[in-house]
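One structure below.
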Amino acid sequence: MLTINLFNGLVYGALLIIMCSGLALIYGLRRVVNFAHGSLYMLGAYLGYSIALHSNFWVALVAAPAVMALLGVVLDRYGFRLLQDRDPLTVVLVTFGLLLVIEDFVQTVWGKSNLTVDVPAALAMSVNVLGTPLPAYRIGVIVIGALVALGLTLWLRHSKVGLFVRAASTDPTTTAMQGVNTDLLSAGVVGLGTALAGLAGVVAAPFLSLSPSMSSDVIIDSFVVVVVGGLGSLAGAFVAAMALGMIQALGAVYVPDFSAILPFVIMVAVLIWKPSGFAGSRT
């Protein structure tokens, strides 16, 4: 039983890593707290559903994030770029309004009924791990989360573009003075962050029910992860995502009456003890 609970914690933590990476990247460069990120995750899931219906899940896994990346570039050009110097209240109102628009769009196109995506046939089996049968697809979710974390870390630490991203997230003015096109860089990063939200939605679709309310189910945990890990810090988000996944999975079994508030208790404690989060605000 404990093995299954720990496994479920790893699966949810991996999903949060994919989701929160995009949220942390967008904040790190644009300094915009994107309340619409959960609705982008939902839109990615529904796009994946439609693409999978007309082709297969593997095509959806690539095509839906690609479409979301293009949407992210548009959002940066006509939204986030204009919001980065505005007061926090304006940012909250605009991104919350965007959330409502996307939710209404999803309900208009796909309706309000719950939808499901079939697990791809190649992963529709169980794998015996230490004597416990575990769903192969959920193991795949953990692998995707690990690959996203590893890929982003290598990209940011060992590539020229990654260096520019880290520099711009620290001091965009000086970075621009060095000849870096920070607007183009930011558009690419917002596109990547939005694509990751879409990827999280597609990955979640086969084991979570699709509904217009699914954005609220994950965005709260995502913000807890980003705040606890440190705003704009990918390393902090990775650690906090896995920790929250474990806390959610174990708390639901051992302290079910308090499991819903445990993330908030942890977030409040971190904000009091270390307001910058575990890893500060670095990328």
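Structure above, values below:
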quantity	calculated
Length-normalised contact order of the range 132-229 in % [C-alpha pairs under 8 Å, at least 6 apart]	13 percent
Sites matching chymotrypsin sites (Phe, Trp or Tyr not before Pro) across the range 186-283 that sit in DSSP coil, with at most 12 neighbouring C-beta atoms within 10 Å	F258
Shape call, the range 25-159: gyration tensor on alpha carbons, a/c limit 1.5	oblate
Cα-centre dipole for the range 2-273 with unit charges at Cβ (Lys and Arg positive, Asp and Glu negative), debye to 20	480 debye
Net charge of Cβ neighbours under 9 Å - reference P212; Lys, Arg +1; Asp, Glu -1	-1
Theoretical gain in end-to-end length, V127 to V62 [0.36 nm per residue, Cα-Cα removed]	20.9 nm
Helix-only CD estimate at 222 nm, as mean residue ellipticity for the chain, using -39500 (n - 2.57) per DSSP H run (n ≥ 4)	-24000 deg cm²/dmol
Alpha carbon centroid spacing (whole Å) that separates the range 38-79 from the range 207-272	24 Å
Stretchable slack from V265 to A136, in nm (0.36 nm times residue separation minus alpha-carbon distance)	43.1 nm
Overall form of the range 5-70 per C-alpha gyration tensor (a/c, 1.5; a/b vs b/c)	oblate
Global form of the range 124-266, assessed from the alpha-carbon gyration tensor, a/c cut-off 1.5	prolate
Option label - Cα Rg over 2.2 N^0.38 Å computed here, alternatives (i) 1.02; (ii) 1.27; (iii) 0.98	(iii)
Max mean-square fluctuation residue, GNM over the chain, Cα-Cα springs under 10 Å, options L150, L208, L98	L150
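Values quoted throughout were computed directly from the atomic coordinates according to the rules given, and no laboratory measurement underlies them. From a predicted model like this one, the values you see are computed outputs, not experimental measurements. Cβ sites come from the backbone with ideal geometry, for glycine too, and all protein chains shown count toward neighbours.
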